[in-house]
Structure formats: structure tokens, C-alpha cells
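Take a look at the following structure, please.
The values are calculated or read from the model by the stated rules, or taken from the named source; none is laboratory data. Because the structure is predicted, anything quoted here is derived from the model rather than measured. No Cβ is skipped: glycine too gets one built from the backbone with ideal geometry, and neighbour counts run over all protein chains shown. Just the protein is used for accessible areas: all its heavy atoms, side chains included, with ligands, DNA and RNA removed. Shrake-Rupley method; radii C 1.70, N 1.55, O 1.52, S 1.80 Å.
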Amino acid sequence: MRRARSAIAAALVALVAVGAAAPATAATSTLLEPGAVDRVLVITTPGVGWSSIDPTLTPNLWRLLRGSAMGDLTARTLGRPDLASGYLTLGAGTRAVSPRSPVDGAGMEPTEPYGDVTARDAFRVSTGRDVERGVLQLGIEPILAANADQSIDVVIGALGDALAGAGHDRAVIANGDGAYPDQPDAMRRYAVSGLMGGGGVVPAGRAGVELLEAHERAPFGLRYDNDAVVDAFTDVWDPGAVVLVEGSDLVRADAFGLLATPEQASAAVRQALRRTDELVGRLLEQVDLDRDAVVVMSPTRARGTVLSAVAVHAPGVPAGLLASASTRRRGFVLLGDVAPTLLALLGLPRDDAMTGTRFTVGTPLPLSTRLERLTDATSAAVFRDKVRVSTTYGYAVGLAAILGLCAYTLIAAKGRRWRAGVIVGALAVLAYIPAVYLARLLPLYDVGTLAYWAFLVATSAGIALVARLATRRRVIDSLLGVLAVIVAVLVTDVITGARLQLSSAFGYSATVGIRVAGFGNIAYAVLGAAAVLLAGLVAHRIGGRRGAMVASAVMGIALLADIAPFWGSDVGGVLSLVPAFGVTALMLLGVRIRLTWRAAVIAGTATVVALAALTALDLSRPADARTHLGRLAQQVADQGVSPFTNTIVRKVDANLETWSTSEWRWVLAIAVVFLVYVAFLERDRVRQVLDAFPEMRAAFVGLVVLATLGYAFNDSGVIIPAVTLSIGSLALLVLFVGYAADLRSAPVRRRRRQPVDESTRSVATAASSQE
């Protein structure tokens, strides 16, 4: 016993040591030393992803990228992403939303006509402020009102105000206007929101019609006058300045795509890219790349693309892949991370109102390698979004089929071959879950959906058959083996970087940008359910107190993998797995659990202590390496409880929404129907299974706790009970069919519940020899 405990303790210590060392050995660097940059040029290329960049079409960008750090940018905003919300998010350093009002794009110079008055007059009437120069956001009041109603704190213009407070000049040059004669005038000057202050003003720049020229082959008959744009840039490119220049021809080309054939729309985008690249080349002639920083980024994605492009060229920044504490994934950053990065380039601290974090850069890589990795990541994300729903429905169909077949087999008292087929089928449906993650080992996004489904079917069937053939005499071992595969795949994956989670149908996607590292909510639920059931089976197979200890170690490893900040980083896991695993472990150790206030207080205290310990561990790490848990704790310390309450409100809203939107609600319905059938029509079989395997009582109790608390403390809502109860149903099915198929034809002898000791083990061993 002492030797077993020592081995378990050593394994846990080794896991913690590996995890603690992982962040320190990661190939990251701070962006650069404070004061290394004199000026910053931000070139926005709306809707451009890495697949659009090549040495023939965009030679100037190509040359700049050779020495740039690059990444895939998730243009995540509040609500539906669009260009207006993208620029507002850029300027806030956190997710923001546009009110979708007619004046969202009304970024105007004070002297420009606006109806019967000037833009200066209109701005004075709406805000009470008289501004003589710069660029005005006439829609500032609707913008402020829309963001004040959000469930998170959004400070519009935080970037502009931070730059102004540090004495840096700023300017915006942009005009994406364009409409046909029979349409209302379309003002698409959203770029002003990227550098404006909270009052809706950028002190310098150009946004008027002087930036445009007529051209019969251009979208809406207009294009940039590149000479005028360069002249405007020259006027504001002063020491210490931050200047945003938009490739506005791309804005017109994107809008034109709604009105044109796919061929014409594609031609317009290529023409806009070529013109924008020419402009970039002329702008770079005035930039000192030894002292100035150039940031190229897209604040939104175009139709047909998923992730947009971002690159940073600055002194001291290696040509590697970008990351941030927001993503913790090399090659990916969020739109909200751009503002803190611009401040960092100038040696300024992040504004407290910003939730984004500054970029970090990995070791240098050849341009071809960087582009290949980033374009592959985009392709995988596109493919994941394509197959996500159908993969979930595939699981639901398999679950319904095998649970229905199980009920028929039991009711009709079918023979050995039927039972054997049902068992293998149930194991295959269970194995479908790790197969979905293992599919990320292959570039199936390059092959197509047919190959993807062939892989899922073959892998699921293969795991089930191997498990069954390897444990032919003991059905329980077949179930144990498949559950062990699930736990092993997920734990190994998260320890080695969670590569199988990203762009997996049961994982997460950078296109959403909520999470691109650690465990997603589906994986957390899968791991929790599989681990608690596996613990029950392990405790039964080993027996006695040693079995309970080993089972507790299995759950401990799963818990550590899920909640550790450097691995799963799952706050919901702390709040649900700690009680679920704790109850299961205590029951396996022979402790009688009663639903009393004292027990609830003890469980709550243990959970709070675990959460506090993880928070302290996360806060002990550098600010740029903290997860969302540490950042939230720091925000609460700086701003009070509002960030915490806003997070709770947002999660509750998302939780409730899943009942009407998530395809997983059908999985839950199928599992619940089966469990109701079991509860009312198969109670004797339940008693027989739990008498033969008393350790599974603890496992199923833990599963119910996990489903209940997991639903309460996660924003995935219906997904958590759907995953946990469906896995529990499949495990119960295997036990039923394997050990109680003939119960209906024979009377049941009620036996008293036996404690988990050697006598119980002998009864279970005798049952295990049946088929």
C-alpha cells in the first residue's frame, strides 16, 4: 500500500513539474525594449487573410513580411463581427460593438458639408463640443450608448486617450465611401474609431473626398488617389506620431462584392490588393525601419475568409509567430490585443480598461514556414466550422441507434450474438469521441469530408474491436479500456500543447476566439465523465482500499490536467470537478455521503480553496503569461467587483441561449429518454448491476454531481449534461447487456447492499465471468 501511494504521489509531482516548466521553456519573448520605437504606422487591410498575400500580387507587403512577426488574427467583437465593430474593438482594447446606426461610418473632417451644415456644426449639436481640426466621429453618441449596455465594461477610445495622455500625436487617413447613383450615399469611414479618444475625435488626418479619384473600372467608380494619401501621410508623420492608414480600396471592393458576380467580385479584390500594395510601398519609403514600427492588420474578416492577417515589423522583434496571453497559442492573437501592443511598442503600459494583452513573439522562422503554418491553421479552422454540426449529429444518431437497440435487446431477451453486437456498437459510439480529436493528427482539411468521415468510422470501430478482442472474457475491461483511451488522449494532448483541441469538431476554433488553448467545455465534460466512470471500474477491478486509492489518483490526474493554468486552464472545472471527484473518491473509500449543510459547506470550502490556490498560482506568473482567471482577478483588484459580476451575467445569458441554439440538446434528449426508460422499466437490472459492481454507485453519483454543477458553472449550458449523461448512458448500457441480459426470464433475488470489501469483490468477480 505504501509503495502504491508513493508511486501515485511521484506521478502527480512529475506532472506538476512538467507543467510548471512548460511556460518557462516556451519560445517567447517580450515585444521589445521600451523606447526602441519612435513612430508607429498602422496599415489596415480590411478582410485580408494570409492566402491573399503573394510575391507577385503584393510584392511590397511580401518584402516587409520577411522581417516581420506574423499571426492569425481573430477579429472577435461583441455581437456579429463587422468593420465598424472591428475598429471600435481596436480602439477600446477589448471587445466592442457598433450600434449599426446610419452614422457608424461618418468619420468626417470639420469643414466637410453634412446636409445643410458642416460636420463641425453637426458634431457641436450632438456633443456640445466645438472642434476645429482633425477627424470627427459623428456617430460617437450612439456608439457610447450601445457599448454602455453591454455585459462587459467597454471604454470606447481607450487607445486614443492613452496615447494622448503620453503626449503622442495621432492621425487617421481613410475613406471607404462609394455608392451607385440610385443608392443613398454610403459613408464607410469607420477607421476613425480606431484612434479616436473617448470624445470621438482624432486630432489629425484626412477622411474627405480629396483622398478619392474617379475611375470607371473601380468599384462604384471610385478609388484611392494614392498621391493624395501619401501627401496626407507626409503631413502627419512626425516624431512620436501614431498614424493609421486604411487600405480603403479594399473596403469598397468588399462592399462591391454584394452586388457583383463572384468573378467580378474576385477581380475587384485583386485590383484593390494591388493598389493597396502600391500604396504600402510608397508609405514605407518614408518609414525608417530601424527606428519605426509598422503594424499591418485587418480589423475584420471578409466574406469567404475566417481569420485575418496581422504582422509587426519593429526593431528588436524577431520574424517569428505572434501569440499573446489572451490566446496562449503560438500563431494566434485577438483583435483586442492590438491596442496593448501598440502601447507596448512605444514603451507605454497597458491601459487598465483593456482586456487584451500585448503580443509576444516566438523564435525566428523562414517566411515560407510562417505562411504555411498560418494558412494551414486557417484551412483547418474553416474545415472545422464546416463539419462541426454534422459531427455532433453523427454522435447523436449513433447514440440514439445503439440505445434503442439496447432497449430492444433487453425487452426481447435477444441472444448472445445480439448482445455482443450491442456491446461492440456501444463501445464504438463511445470511441467516436476520441476519434474526433485524433482526426486532428491528419491534415484531413486538405482531403475533404469523405475522408474525414471514413477516418471517424474506421477509428471508432477499430478502438471498439481492439478493446473487445483484447478483453474477450471480461466485458467490464472492454469498457474500462475505451474510457482509458478517452482519458489518455485528452490528458496527453493538453500536456503536450492541446493540438488536438484546436480546430476539432469537439474542441474550439480560432474563428470564434473565445478560447484557443487548454480545454474547451466539451473536452472538459468528456474528460470529467470518462474519468469518474473509469475510476469506478478501476476501483472494482483492483478492489479494496488500494483500488479506491488508484481510482482517486486517476481522477486527480484528470483534475490537474483540466484546471492547471498552464494546461487546461478551466475555471468551470474547479467548480464542478472538485466536488464531483471528491464525492466519488470519498464513497469509494467507504465514507458515507449525506446531503447535509455540513457536507455542503465542506465541499464548498474545498472548491473555494482550490480556486484560490489556482488564482494565486496564476497571479504569480508574469502578466503576459496569465490566463483569463488571473486577468479577471487582477481586474477585480483594480476595478472592483463589476468585471466579476459582468462575467457571471454574460455566462448565464450564454448558458440559457444554448437551449434553443445548440445541437447538443438533441444528445441530451436521447440520453434522458434512455435513463427514464431505465429508471421505470429496468430497475431490477440497475440493482443487479450495482450489486455486482458496487463501486459504480460512487461513479454514477459523481457523474450526476458533475452534470449538475457543470451546467451551473459553465456558459456552455446544455452541452455539459448532454456529454456527461450520454457517456454515462453508454457505460450503463454495456454493463446491462454484458451482465444482466437474462434477468427478465429469471426472478431477482434481492441482496443487501454490501460494503466494498473482499467479499463484494468475490461476488463481482463471479459476475465478471459471465458473457
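From the list 516, 512, exactly one residue is open to solvent by 10 Å² or more (accessible area, probe 1.4 Å), at pLDDT below 85, in contact with a strand residue (DSSP E or B) (Cβ under 8 Å, 6 or more places away or on another chain) and over 19 Å from residue 703 (Cα atoms). Which is it?
It is 512.
Here's a follow-up. Out of contact with any Gly (no Cβ under 7 Å at 6 or more places or on another chain), within 15 Å of residue 46 (Cβ to Cβ) and buried (at least 22 other Cβ atoms within 10 Å of the Cβ): is that true of residue 245 in this structure?
For residue 245, the condition - out of contact with any Gly (no Cβ under 7 Å at 6 or more places or on another chain), within 15 Å of residue 46 (Cβ to Cβ) and buried (at least 22 other Cβ atoms within 10 Å of the Cβ) - is met.
Within segment 478-509, track down each residue that is open to solvent by 30 Å² or more (accessible area, probe 1.4 Å), in contact (Cβ under 8 Å) with a residue 40 or more places away in the chain and not aliphatic (A, V, I, L, M).
499
Same structure, new question: Out of curiosity, is residue 263 over 19 Å from residue 59 (Cβ atoms), assigned to a helix (DSSP H, G or I) and either open to solvent by 60 Å² or more (accessible area, probe 1.4 Å) or of a type outside the set (S, T, N, Q) (or both)?
So residue 263 passes the test.
If you check 22, 9, 36, which single one turns out to be closer than 22 Å to residue 341 by Cβ and either part of a loop (DSSP other than H, G, I, E, B) or modelled with pLDDT under 85 (or both)?
36
Right, something else. Residue 312 fails exactly one of the following numbered conditions: (1) at pLDDT 95 or above; (2) open to solvent by 10 Å² or more (accessible area, probe 1.4 Å); (3) not charged (D, E, K, R). What is the number of that condition?
Result: residue 312 fails condition (2) only.
Residue-by-condition table, conditions (1) among the charged types (D, E, K, R); (2) crowded, with 23+ Cβ neighbours inside 10 Å; (3) under 29 Å from residue 438 (Cα atoms); (4) out of contact with any Leu (no Cβ under 6 Å at 6 or more places or on another chain):
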| position | (1), (2), (3), (4) |
| --- | --- |
| 332 | no, yes, yes, yes |
| 340 | no, yes, no, yes |
| 352 | yes, no, no, yes |
| 359 | no, yes, no, no |
| 382 | no, no, yes, yes |
| 390 | no, no, yes, yes |
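While we're here: Condition check: closer than 17 Å to residue 75 by Cα, assigned to a loop (DSSP other than H, G, I, E, B) and under 18 Å from the mean Cα position of the chain (by Cα). Does residue 306 satisfy that?
Yes; evaluated as a whole, the condition is true for this residue.
If you don't mind, another one. Of the residues 384, 350, 329, which single one is touching a residue at least 60 places away in the same chain (Cβ under 8 Å) and over 19 Å from the mean Cα position of the chain (by Cα)?
350
Given the conditions (1) touching a residue at least 40 places away in the same chain (Cβ under 8 Å); (2) under 21 Å from residue 234 (Cα atoms); (3) of a type in the set (Gly, Ala, Ser), report the number of the one that residue 164 does not fulfil.
(1)
Listed here are the residues, each with its yes/no results for (1) within 24 Å of residue 247 (Cβ to Cβ); (2) open to solvent by 10 Å² or more (accessible area, probe 1.4 Å); (3) at pLDDT below 95.
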position	(1), (2), (3)
74	yes, no, yes
83	yes, yes, yes
88	yes, no, no
95	yes, yes, yes
114	no, yes, yes
132	no, yes, yes
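If you don't mind, there's one more thing I want to ask. Look at residue 670 and say whether it is in a helix (DSSP H, G or I), at pLDDT 65 or above and not basic (Lys, Arg).
Spelling it out, residue 670 is indeed in a helix (DSSP H, G or I), at pLDDT 65 or above and not basic (Lys, Arg).
Next up: For the structure I just gave you, tell me whether residue 67 is in a loop (DSSP other than H, G, I, E, B) and surrounded by fewer than 21 Cβ atoms within 10 Å (Cβ to Cβ).
Spelling it out, residue 67 is indeed in a loop (DSSP other than H, G, I, E, B) and surrounded by fewer than 21 Cβ atoms within 10 Å (Cβ to Cβ).
Cβ contacts < 8 Å: first residue of a type outside the set (A, V, I, L, M, F, W, C), restricted to segment 664-675; second residue open to solvent by less than 40 Å² (accessible area, probe 1.4 Å), any location; separation 6+ or different chain. Result?
665/658; 665/718; 665/722
On to the next question. State whether one or more residues within segment 694-701 are β-branched (Val, Ile, Thr), open to solvent by 50 Å² or more (accessible area, probe 1.4 Å), at pLDDT below 90 and farther than 20 Å from residue 404 by Cα.
no
So the check is Cβ under 7 Å with 6+ separation or different chains; which pairs have a first residue in segment 137-151 that's under 15 Å from residue 91 (Cα atoms) and among the charged types (D, E, K, R) and a second one that's open to solvent by less than 60 Å² (accessible area, probe 1.4 Å) and part of a helix (DSSP H, G or I)?
Once the first residue is under 15 Å from residue 91 (Cα atoms) and among the charged types (D, E, K, R) and sits in segment 137-151, no partner that is open to solvent by less than 60 Å² (accessible area, probe 1.4 Å) and part of a helix (DSSP H, G or I) comes close enough.
Does segment 284-293 contain any residue that is surrounded by fewer than 24 Cβ atoms within 10 Å (Cβ to Cβ), within 24 Å of residue 254 (Cβ to Cβ), of a type in the set (S, T, N, Q) and touching a residue at least 24 places away in the same chain (Cβ under 8 Å)?
No - not one qualifying residue is present in segment 284-293.
Do you know which residues across segment 185-205 are in a loop (DSSP other than H, G, I, E, B) and either farther than 12 Å from residue 138 by Cβ or open to solvent by 20 Å² or more (accessible area, probe 1.4 Å) (or both)?
185, 186, 187, 188, 190, 191, 197, 198, 199, 203
Condition (residue is within 27 Å of residue 230 (Cβ to Cβ) and open to solvent by 30 Å² or more (accessible area, probe 1.4 Å)) applied to segment 140-153: is it met by at least one residue?
Scanning segment 140-153 turns up no residue that is within 27 Å of residue 230 (Cβ to Cβ) and open to solvent by 30 Å² or more (accessible area, probe 1.4 Å).
So, in segment 213-231, of the ones that are under 40 Å from the mean Cα position of the chain (by Cα) and aliphatic (A, V, I, L, M), which residue ends up surrounded by the most Cβ atoms within 10 Å (Cβ to Cβ)?
Going through the qualifying residues, I end up with 229.
Right, next: Run residue 468 past the list (1) open to solvent by 30 Å² or more (accessible area, probe 1.4 Å); (2) assigned to a helix (DSSP H, G or I) and report the number of the one that doesn't hold.
Residue 468 satisfies every listed condition except (1).
Restricting segment 234-287 to residues that are at pLDDT 95 or above and of a type in the set (Asp, Glu), which is farthest from the chain's Cα centre (by Cα)?
Per the criteria, the residue is 235.
Okay, residues lined up against (1) in a helix (DSSP H, G or I); (2) hydrophobic (A, V, I, L, M, F, W, C); (3) in contact with a Pro (Cβ under 7 Å, 6 or more places away or on another chain):
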{"residue": "499", "(1), (2), (3)": "no, no, no"}
{"residue": "504", "(1), (2), (3)": "no, no, no"}
{"residue": "516", "(1), (2), (3)": "no, yes, no"}
{"residue": "522", "(1), (2), (3)": "yes, yes, no"}
{"residue": "527", "(1), (2), (3)": "yes, yes, no"}
{"residue": "533", "(1), (2), (3)": "yes, yes, no"}
{"residue": "538", "(1), (2), (3)": "yes, yes, no"}
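Let me ask another. Going by the structure shown, is residue 440 open to solvent by less than 40 Å² (accessible area, probe 1.4 Å), charged (D, E, K, R) and in a helix (DSSP H, G or I)?
No.
Every residue, every condition in (1) surrounded by 15 or more Cβ atoms within 10 Å (Cβ to Cβ); (2) part of a helix (DSSP H, G or I); (3) of a type in the set (Asp, Glu), yes or no:
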residue	(1), (2), (3)
679	no, yes, no
687	yes, yes, no
691	yes, yes, yes
704	yes, yes, no
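For segment 480-529, which residues satisfy the criterion of being within 13 Å of residue 438 (Cα to Cα), of a type in the set (S, T, N, Q) and within 17 Å of the chain's Cα centre (by Cα)?
Result: 501, 503, 504.
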